[in-house]
Amino acid sequence: HQDPNYLLDVIQQKQITTLQAVPSLLGMLISTTENDVAYSQHLSSLQRLFCGGEVLNIDLKQKVDSMSAELINLYGPTECTIDATYHVIEKELEIHRIPIGRAIANMQTYILDAKQNPVPLGVAGELYLAGSGVGRGYLYRKELTQDTFVELSLNDKSLWQAENLPTTLRLYKTGDKVSYLADG
C-alpha cells in the first residue's frame, strides 16, 4: 500500500471493479493519476469505491465525482468489527459534510442523550451501536469494557418505536456525536 503506482497498475491490469480503501489512500491514488494522460485507463474499471477508516472529506468526494465509480462512505469502530454504517454518496450533490448513513445488515444505530434516552430528529446525541458485529469488550480491560459496552434496559418500548426487541440491549458507546437527518 506504499506504492500508488503499483496499485494503479494492478487495478488497470486486473480490471478491478470494487475497491475498498481508507480515504487517504484513495486520495493518493487519484492525485497520482490527476496529471496523467492515462488517468481513465488506470481507474476506469472501478465501479464501486468503499471508503472507511478515516473521515471522508468533501474535497475527495468532489474528485471522485468526476469518475464513473459509485462512492460509499463506511463508518465503524474496531469494536464493531470495523463497518457499522454506510452511505451511498450522490454525485454532484452539494453537501458540507458526508453522512455516515444507515446501519449495515445485522447492526443497529441508536442516538441517545446523556441519560441514554433516544433523541428526536435533528437533535445531536451520542452514537451507540448494537448488533452481531459488536465485540464482547476489551481483553484484560474490565473497567473500560464496563464503561463502553453497556446494557440498556428497554422497559419503555414506546421510546424505541420498534417491536420484538429484547428487554435489554447490549450497546457499544462510540463517543461520537451525531444526529438523525430528515432522510434517515
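The table below lists the values:
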quantity: Every residue from segment 112-148 that is β-branched (Val, Ile, Thr) and in contact (Cβ under 8 Å) with a residue 12 or more places away in the chain; calculated: VAL119, VAL123, VAL134, THR148
quantity: Breaking point among (1) surrounded by fewer than 19 Cβ atoms within 10 Å (Cβ to Cβ); (2) within 16 Å of the chain's Cα centre (by Cα); (3) not polar (S, T, N, Q), for LEU19; calculated: (1)
quantity: Single match in TYR128, TYR110 (criterion: of a type in the set (Ser, Thr, Tyr) and modelled with pLDDT of 95 or more); calculated: TYR128
quantity: Neighbours by Cβ (under 6 Å, 6+ apart or cross-chain): first from segment 1-13, open to solvent by 60 Å² or more (accessible area, probe 1.4 Å); second at pLDDT 90 or above and in a helix (DSSP H, G or I); calculated: none
quantity: Hey, SER68 surrounded by fewer than 18 Cβ atoms within 10 Å (Cβ to Cβ), touching a Leu at 6+ places or on another chain (Cβ under 9 Å) and at pLDDT below 95 or not; calculated: yes
quantity: Looking only at segment 41-56, and only at residues there that are touching a helix residue (DSSP H, G or I) at 6+ places or on another chain (Cβ under 7 Å) and polar (S, T, N, Q), the one that is surrounded by the fewest Cβ atoms within 10 Å (Cβ to Cβ); calculated: GLN41
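The values are calculated or read from the model by the stated rules, or taken from the named source; none is laboratory data. Everything numeric in this text was worked out from a predicted model, so none of it was measured. Glycine gets a Cβ as well: all are built from the backbone with ideal geometry, and neighbour counts include every protein chain shown. Surface areas here come from the heavy atoms of the whole protein model, side chains and all, with no ligands, DNA or RNA. Shrake-Rupley method; radii C 1.70, N 1.55, O 1.52, S 1.80 Å.
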